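Please treat every number below as a calculation from the coordinates, not as lab data. Treat the numbers as computed from the prediction; the structure is a model and nothing was measured. All Cβ positions, even for glycine, are placed from backbone atoms using ideal geometry, and neighbour counts span all protein chains on display.
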Amino acid sequence: MRISGTPFTSRVAALVKSGTWSEWSTGEVVYLRPESFWDHGREVAAMRDAAVLEDKSPLEMYFFSGPDVVEYLQRLVIRDISRMELRHAYYNVFCDERGKLISDGLLFRMSEQQFCYTASPLDVWYAQNAEGFDVTVENVTEEWGILHVQGPASDDILARAAGQDLSGLRFSRGTEIRLASADVWVWRQGFTGERGFEFWVRAEDALDVWDALYAAGEPLGMMPLGDMAEDVGRIEAGLILPVIDYTRAGPDSSTHSGDPTSPQHVQWEATPEEMNIGRFIDFGKGDFAGRDALLAERQSGGPARRLVGLRIDGQDIAAQQREQGVPPRVPQRWRFPLLPVRSEDGHVGYTNSIAWSPRFGGLVGLARIGTDSAEPGTNMFVDWNISGSTYEVGAVVSELPFVEMKRRNES
């Protein structure tokens with residue numbers, strides 16, 4: 001395990017005033033990310049009302065090329081990519097033969113025989129499945145930087161920075177532009193639920209592109225986005241994270257027995273149906289990894305549990321704290337350990353992706369609970385630890401996403 005920076009680390013570090021950092025671990029490399037830059041609340045507001053700039057370079061980036069590249073990827077992904085258009089991005093999933101999620105992420109088609117996938121590290125998985133295919137797989141993570149500009153001002157910021165109007169670029173489409181004298185890929189994508197862009201820039205040009213976007217965005221209210229504010233956006237949008245929301249299956253992920261609430265425990269593995277992404281499975285495209293197991297799950301009536309939203313009563317937490325003589329303090333974010341969720345009849349699942357939402361004036365979270373308990377509006381309890389003791393805190397099941405996905409809106 002080694003600590004590493006990204007092509008943008010010097011610019012990111014210069015802006016941080018909070019002194020609080022979180023870890024983004026890929027297994028072999030740990031990247032440090034600011035939890036907030038200087039004001040978490042202002043970052044969330046900027047994300048919704050203006051724009052934010054975020055370094056997403058720790059995403060593992062793979063290029064796939066060769067005469068058999070489509071056939072190779074068709075064998076691995078759950079979607080049919082045979083008719084995928086050039087410069088188009090698909091949300092996609094890899095599963096093992098049991099139908100358990102190995103990773104979820106974005107698959108981009110750059111040309112007829114070149115694709116890119118950004119998500120988790122999967123070197124072993126790709127190599128194991130490449131036998132018999134004329135395909136080249138390259139991990140290019142350290143050669144590229146990835147930036148997100150998200151929010152309603154994102155179109156204006158790009159126009160100011162590049163002198164080019166891309167407001168008509170449709171969701172999940174991409175193109176190549178010149179920005180700060182560099183060749184840059186730009187995609188209509190993001191991870192906050194807001195309208196925005198994803199930029200790919202070669203590492204040697206990264207700082208110039210950051211500077212150009214920051215200079216264009218700052219007068220329009222753009223702020224750098226910290227890890228905690230991003231969590232607000234992606235939880236409200238119902239977007240999942242590997243390791244946080246499910247244990248990654250496959251040879252590139254280490255699972256172990258032990259604490260059943262550990263984020264890497266095998267019991268926290270999931271199928272696409274459990275994570276509300278079963279709609280992307282294309283059983284008609286032919287064989288692919290996990291097909292038989294996923295088909296059997298669907299034919300048997302679906303998974304025993306699924307992903308839902310939870311509205312957690314922060315006032316209940318504060319009241320319990322006051323009763324125990326503890327100063328009331330509701331966290332801005334919670335990830336680990338997993339917190340048990342209960343109905344009146346007993347334990348139904350766990351929650352751990354939780355964030356304070358200014359929009360709702362309370363805590364919102366993602367939970368995996370029994371399908372019989374997953375109806376929106378159902379009252380639940382979350383086991384909350386206060387001073388070493390566990391107390392039941394009120395919660396209500398909510399539909400996902402919590403908010404409208406503005407990133408899909410066309411101008």
**Asked** At a Förster radius of 41 Å, what calculated FRET efficiency corresponds to the Cβ-Cβ distance of Ser300 and Ser167, to the nearest 0.05?
**Response** 0.35
**Request:** Under 1.5 on a/c is rounded, so check that first for region 210-359, then, if it is not, pick prolate when a/b is larger than b/c and oblate when it is not; a ≥ b ≥ c are the square roots of the alpha carbon gyration tensor eigenvalues.
**Result:** oblate
**Asked** Which of [x] 36, 23, 19; [y] 33, 29, 19; [z] 33, 24, 19 is the computed semi-axes √(5λ) of the Cα gyration tensor in Å for the structure on display?
**Response** [y]
**Message:** Viscosity 0.890 mPa s, temperature 25 °C: what is the translational diffusion coefficient of region 305-406 from Stokes-Einstein with a Kirkwood Rh over Cα pairs, rounded to a whole number of µm²/s?
**Reply:** 179 µm²/s
**Asked** Around Thr390, what is the net charge, scoring Lys/Arg as +1 and Asp/Glu as -1 over all other residues with Cβ under 15 Å from its Cβ?
**Response** -3
**Prompt:** When a footprinting reagent is the concern and you count Cβ atoms within 10 Å, what order do Arg109, Arg342 take, fewest first?
**Reply:** Arg342, Arg109
**Asked** Within a Cβ distance under 12 Å of Arg342, other residues only, what is the Lys/Arg minus Asp/Glu net charge?
**Response** -4
**Fill in**
In the chain, taking the dipole from +1 charges on Lys and Arg beta carbons and -1 charges on Asp and Glu beta carbons about the Cα centre, the listed residue (His148, Val30, Gly5) farthest towards the positive end is His148
**³J(HN,Hα) computed for each position of region 141-151 - Karplus, 6.51 cos²θ - 1.76 cosθ + 1.60, integer Hz, glycine/proline x** = 3, 7, 8, 10, x, 10, 10, 10, 10, 10, x
**Item:** Other-chain or far-sequence residues with amide H under 5 Å of Ser103's (modelled H)
**Value:** Phe94
**Prompt:** Where the only charges are on Cβ atoms (+1 Lys, Arg; -1 Asp, Glu), what is the dipole of the chain about its Cα centre, to the nearest 20 debye?
**Reply:** 720 debye
**Complete:** Straight-line reach check, Lys56, cutoff 23 Å on alpha carbons, 8 or more apart in-chain or any other chain, hits among lysines -> Lys17, Lys406
**Prompt:** Could you work out the helix-only [θ] at 222 nm for the chain, with each DSSP H run of four or more residues adding -39,500 (n - 2.57) and the total divided by the number of residues, to the nearest 500 deg cm²/dmol?
**Reply:** -5500 deg cm²/dmol
**Asked** What are the lysines whose alpha-carbon lies under 22 Å from the alpha-carbon of Lys100, with same-chain residues fewer than 8 places away excluded?
**Response** Lys285
